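A short worksheet on the structure shown next.
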Amino acid sequence: MTSELDIFVGNTTLIDEDVYRLWLDGYSVNDAVALRVRSGILEQTGATAGVLQSDTMDHYRTFHMLERLLHAPPKLLHQLIFQIPPSRQALLIERYYTFDEAFVREVLGKKLSKGTKKDLDDISTKTGITLKSCRRQFDNFKRVFKVVEEMRGSLVDNIQQHFLLSDRLARDYAAIVFFANNRFETGKKKLQYLSFGDFAFCAELMIQNWTLGAVGEAPTDPDSQMDDMDVDLDKEFLQDLKELKVLVADKDLLDLHKSLVCTALRGKLSVFSEMETNFKNLSRGLVNVAAKLTHNKDVRDLFVDLVEKFVEPCRSDHWPLSDVRLFLNQYSVSVHSLDGFRHQTLWDRYMGTLRGCLLRLYHD
Amino acid sequence: MPGKLKVKIVAGRHLPVMDRASDLTDAFVEVKFGNTTFKTDVYLKSLNPQWNSEWFKFEVDDEDLQDEPLQITVLDHDTYSANDAIGKVYIDIDPLLYSEAATVISGWFPIYDTIHGIRGEINVVVKVDLFNDLNRFRQSSCGVKFFCTTSIPKCYRAVVIHGFVEELVVNEDPEYQWIDRIRTPRASNEARQRLISLMSGELQRKIGLKVLEMRGNAVVGYLQCFDLEGESGLVVRAIGTACTLDKLSSPATFLPACNSPSKEMKESPFNEDPNPNPHSSGPSTPLKNQTYSFSPSKSYSRQSSSSDTDLSLTPKTGMGSGSAGKEGGPFKALLRQQTQSALEQRGGSPHRFCRRREFPFLTLTAFPPGLLVHVGGVVSARSVKLLDRIHNPAFVGIMGNTRSYKLLDWNSFNSDEPETRDAWWAEIRQEIKSHAKALGCHAVVGYSESTSICEEVCILSASGTAAVLSPRFLQEGTVDGSLEQRVEENLPVGCGFCHIPYDELNMPFPAHLTHCYNCRKQKVPDVLFTTIDLPTDAVVIGKGCLIQARLCRLKKKAQAEANATAISNLLPFMEYEVHTQLMNKLKLKGMNALFGLRIQITVGENMLMGLASATGVYLAALPMPGGIQIAGKTPSDGSYEQHISHMQKKINDTIAKNKELYEINPPEVSEEIIGSPIPEPRQRSRLLRSQSESSDEVTELDLSHGKKDAFVLEIDDTDAMEDVHSLLTDVPPPSGFYSCNTEIMPGINNWTSEIQMFTSVRVVRLSSLNLTNQALNKNFNGLCENLLKSLYFKLRSMTPCCLCHVNFTVSLPEDELIQVTVTAVAITFDKNQALQTTKAHAEKSLQRASTDNEELLQFPLELCSDSVPSHAFPAAKEHPESASSNSGTPAAQRATSVDYSSFADRCSSWIELIKLKAQTIRRGSIKTTVTVEKASPMGDGNFRNRSAPPCAGSTVGVVKMTPLSFIPGAKITKYLGIINMFFIRETTSLREEGGVSGFLHTFIAEVFAMVRAHVAALGGNAVVSYIMKQCVFMENPSKNQAQCLINVSGDAVVFVRESDLEVMSTQQPAVNCQPTCTGEVTT
């Protein structure tokens, strides 16, 4: 006796969260059944393996049918085929778009193209995440990217509106889209110690301050409409950053800056002497990063540069985080006292964001 | 011109891409009613077109309004080639034709295509302006209300119950017409869908006419069925109960009427025949009467149906037992005589009921208080027929779009033909009627009819419960007038219906009677089988449970008459076996009555299947059931004896366990008090087992397992051994679950509001061709048991809950395929309260009355005060075993905002076990709340203002579906009309759609969606008395094809939560009871 057909359809669609998770994680029906058996569910419920198999198949079939709708979450809300309570709908969507930390670190900043998709095999082997799950996550990134890439307005809002994600997850996706669009390098060995959260934090600051949308009003210039408000960095701003070069190129200015910082921090830093000796190097590093941002290539290497030019030197001198914070604050503020320097707003726009990023990046 | 139908096409959404080049669609809509068609403009290049059309107006007869469906077709405009159809929507406008129901149909309907399924949605508004119809000879029956519900609908009061109405319409099946060879599958399916829609419209209209003739205004318990007879045609038939209903305007006014229903009960056994037992020899079988008549062709039919020869095949079935106590007999006989004479004196007014109505049948399964006086037992009749091509020349070749497609029913067209479907059914009904008479009953309640067709053989079945009804509701005139001569005083509550209606001295069968254990006055049988729901006032001990008997019988493949003969010969054995199984299982459960009994016999190419489902209960009025005794045939071998005693012990243990499980602990009654002989427990008399090979034994079949207290099972061969084993293999439902096939579970009365209706389908292929009966039985048993187990597992998050109205349907679509379809509803209940109530009986029956049935729902305000479910549902805490892995569901469903972290905590406990990768426990989403109202104010900080994700603002309202006539914790405020839908789905890419399971899963989900959409468009928020009457599935995997036909029906209603009702009543007497369903989470 073999089962030809075996289905269960509820007026309210039954969603088993555990099975959903297994499905999202890309397990085959048989693997999922095995995992469920191992979880001890048979003992708890007194069910047989056959029942479990049938139940799992049923859920997988339901999820498979729902997947088409999950690709455009608003459709899930308005469709009539599956009656699902709103809280469950939200759960389905949220879980579907949730990604694995290990996976996102592999593709963050990469072009979301076919080429990258081909590498998913390797990522799967490396991270231990099933290929199926990798594909889903990659396709999610790509789908969100495609939808919001050309859109004007707040990136997070756009994502939330079109994918009905929670605020938190929408912000994560904003970071992913932002990174993918600007192709920031995140895969270098030096950067391996950074988590997705670190990058997402930086992305958020940069979106808030360094993009066109950050200026606050829509640009009147019709040409600039080609630029997306939140996704692309403000080209004009990057161009202007060259002006900061004077801070290190002008020796007087550099010395004055150093003395201002040193005076203010004397006795407050445990690593004062190291700071004093390294000041010029650090300052040069930070300003040069700014000056170089006109080139796309250098934009991509932003995080590599920050780590190389600032995080690593400080770390090798064992600066505690509190000292880094004090230093960066003083370093930014002191510029206001430099009479010869005329680009105070530019400096603040640059350094305000960079300071936040550096503090986040500064850890082991 | 009595009616004007107005239709407006508003918009579409989620349309499929019809133009690959642009990835868009140029959609327009055709609106067709009768012969008139209107079109909207083409809305270019959009998947969400906004037509916003004018009002399309159709001026039509109300006859057409009743028959025709409104047909809406969405097409893709194509400049160069023919326009492509996207899909259709059929809207039954019947609900707009009676004043109290819906006034407008407005909403989003799924656009359905028989090949592609649902393809987007369309927003339509439909209205009807009816003019007064002064034509006395009208053919329409607008205004007659139809209800699928098999009890008096909640917001109505029965003034008169007029009786049985039936009608039948026949046509050729478009699928089998010559034109089908040249048209596309889509065209063929649509022709079929449209035809059936037309036929059911016509059928309903005709039934309505009959009701008007009887001066009724409604049909209750309306059951419409299709017989797909293949080559020989398509039969649409319906039965129902004509009533005059009064809308309850203010519930409070009816309070006094329901206070003590028992006092108004009258025993008036008004039979047509003063002697209630006309056939004492032949077919007079007590609780189950069967007739197998086989009419191979027209010429024989008359003889076979009326002859005694086929009746002699009838096994004597009996629930009663031999030793009829004499006490009280004469008294009763006297009473009866008095009654008879009294009835005659007053001009036989009750006779009027019987005489005027050809068949005194009611399709109701629950009754207004006082209507049901006595229950005799189950009566059933079956007949095997050979299908003939329906000879109807008027239809040949006119199946196109022409208007000439008026349907004629078989009778009027071929009145000279004796062999008609009508005659077949008349025969069977006659049979049923005479069986009922033999039981001393003048009426049959809980009546239903069904067919099983395989090739050209058709088994017609009818069954019901013989009963004596009070004439109070059955005739027009005063309810409490002078008609009643004799009122049996102090008829005790809760046992009256158990008292035997037949004459004790002149019993139609050997029965074992005892004095009623409740009132000690009247006689009761030892076991009672019925097809009705448990009466609300019945006193029950403990809880009930689902009892099933399952049986397969192999049959040689044969043609035509030989086949029919073979089937006719097998049927008595099947009935016998099914009956024995039911009896055994009932005893094994320690119970003494079955309610909602439904025996289904399905015929296939090479086998017959029998499946009986019923709800077993322990009626306090009936005697305690005896145990089951096992007897070995040859008590020679010591080890054999040991084996027997081992089995005996197992059986005894099971009985004891079951009694505990179902909380059956009847009060001990000493013999003296009862004053009737309790038979010797050890008294053994051998039960004749039917041997399939020896047909001469048939005449000796004695199904009256009476004559003894302990039930003796004789183990004389391996077969019998198997049977005993199978008895013991039935696993009770896991803890927290109960199941029954009646409306409500006896012994549970504190339903909480969560319900989940579901349909589950399984098809299994039998492994080998040379199967034995035994292996087949085992397979079938396994199939059903596994199916139940799966259901329990799937619904485990709802525990404690009860599966109600569990409805199994078996079909044999092909040689080695068995298909089982189950529809039921899971309802949660409050465990704590349940435990309390079982303690006190009197209290219980009171509470029961308040929860379940119709008459009490007439005063809902009283109701909600004492039966509002306390929502202190012990969610996950009380059930640690379920908490870790599956508690998510109830918690999530109850909470409006879901805290993911709590999910994560609970779920990850086992997830972590199986997940070796720590990094996959992800950050981010886990800590957020779903509802935006909560999420956005906090943590936004320096971010720009964010619009709330539209998650919360879902536009799709929740529509509940249930096979029951009520919704727990809610009050039905309005009936919007009957939903009766028929769909066909076909695919030529079975593999691509996920195989047979994927195909059917999608289809059933689509059917649910379409039902919900129609209900929502009528302004309703639930379907009650929902039933899937047909689910015919055919596959051809080698061709990658499959086809499925589904027919569903139910009553669209508006319900209001009792909690909301309270709020409303305190604020103001709100007229507008807008259902608050958006926040609802279940079903």
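Details
- Applying the condition of being under 31 Å from the mean Cα position of the chain (by Cα) and not in a loop (DSSP other than H, G, I, E, B) to segment B:510-538 and asking which residue is modelled with the highest pLDDT yields B:F529.
- Failed condition for A:L112, given (1) within 14 Å of chain B (Cβ to nearest Cβ); (2) in contact (Cβ under 8 Å) with a residue 12 or more places away in the chain: (1)
- On inspection, B:C784 passes the criterion of being within 14 Å of chain A (Cβ to nearest Cβ), within 21 Å of the chain's Cα centre (by Cα) and farther than 19 Å from B:I827 by Cβ.
- B:R1057 being of a type in the set (K, R), under 18 Å from B:P110 (Cβ atoms) and over 21 Å from the mean Cα position of the chain (by Cα): no
- Only one entry in B:W55, B:W108 is closer than 18 Å to B:F38 by Cβ and aromatic (F, W, Y), namely B:W55.
- Residue that is surrounded by the most Cβ atoms within 10 Å (Cβ to Cβ), among those in segment B:958-976 that are more than 14 Å from chain A (Cβ to nearest Cβ) and of a type in the set (V, I, T): B:I972
- Answer from B:R796, B:R765 - the residue that is in contact with a Ser or Thr (Cβ under 7 Å, 6 or more places away or on another chain), under 14 Å from B:Y738 (Cα atoms) and charged (D, E, K, R): B:R796
- Restricting segment A:55-73 to residues that are in contact (Cβ under 8 Å) with a residue 24 or more places away in the chain and facing chain B (nearest Cβ under 7 Å), the residue that is farthest from A:V304 (Cα to Cα): A:D55
- Within segment A:125-147, the residues that satisfy the criterion of being within 15 Å of the chain's Cα centre (by Cα) and either in a loop (DSSP other than H, G, I, E, B) or away from chain B (no Cβ under 12 Å) (or both) are A:F138, A:N140, A:F141, A:K142, A:V144, A:F145.
- Checking each residue in segment B:990-1003 for being buried (at least 24 other Cβ atoms within 10 Å of the Cβ), facing another protein chain (nearest Cβ under 8 Å) and in contact (Cβ under 8 Å) with a residue 24 or more places away in the chain picks out only B:L1000.
- In segment B:591-615, the residues that are on the phi > 0 side of the Ramachandran plot reach residues that are of a type in the set (G, A, S) with C-beta atoms within less than 7 angstrom, at least six apart or across chains, in these pairs: B:G596/B:A614.
- Only residues that are of a type outside the set (D, E, K, R) and within 37 Å of the chain's Cα centre (by Cα) were counted across segment B:30-57, and they come to 4.
- Qualifying position, being touching a Phe, Trp or Tyr at 6+ places or on another chain (Cβ under 8 Å), at pLDDT below 90 and buried (at least 18 other Cβ atoms within 10 Å of the Cβ), among B:A621, B:A614: B:A621
- Applying the criterion of at least 1 residues that are closer than 28 Å to B:R119 by Cβ and open to solvent by less than 20 Å² (accessible area, probe 1.4 Å) to the helices (runs of 4 or more DSSP H) found wholly in segment A:1-102 leaves A:17-24, A:49-70, A:73-78, A:86-97.
- Residue in segment B:794-807 that is more than 13 Å from chain A (Cβ to nearest Cβ), surrounded by fewer than 24 Cβ atoms within 10 Å (Cβ to Cβ) and part of a strand (DSSP E or B) present: yes
- Contacts under 8 angstrom Cβ, first residue in segment A:151-163 being more than 10 Å from every other protein chain (Cβ to nearest Cβ), partner open to solvent by 30 Å² or more (accessible area, probe 1.4 Å) and of a type in the set (G, A, S), 6 or more apart: A:R152/A:A218
- Selection status of B:E605, under 21 Å from B:S232 (Cβ atoms) and at pLDDT below 90: yes
- Qualifying residues in segment B:195-230 (those that are among the basic types (K, R) and over 30 Å from B:V457 (Cβ atoms)) - the one surrounded by the fewest Cβ atoms within 10 Å (Cβ to Cβ): B:R215
- Segment B:19-39, residues that are open to solvent by 40 Å² or more (accessible area, probe 1.4 Å) and in contact (Cβ under 8 Å) with a residue 60 or more places away in the chain: B:N35
- When each of B:T114, B:T149, B:T103 is tested for being among the polar types (S, T, N, Q) and either at pLDDT below 90 or open to solvent by 40 Å² or more (accessible area, probe 1.4 Å) (or both), the lone residue that passes is B:T103.
The values are calculated or read from the model by the stated rules, or taken from the named source; none is laboratory data. Here the structure is a predicted model, which is why all the values come from computation and not from measurement. FYI the Cβ positions are ideal-geometry reconstructions off the backbone, even for glycines, and counts take in every protein chain you see. Protein only, heavy atoms only, side chains kept; ligands, DNA and RNA dropped before computing areas. Shrake-Rupley method; radii C 1.70, N 1.55, O 1.52, S 1.80 Å.
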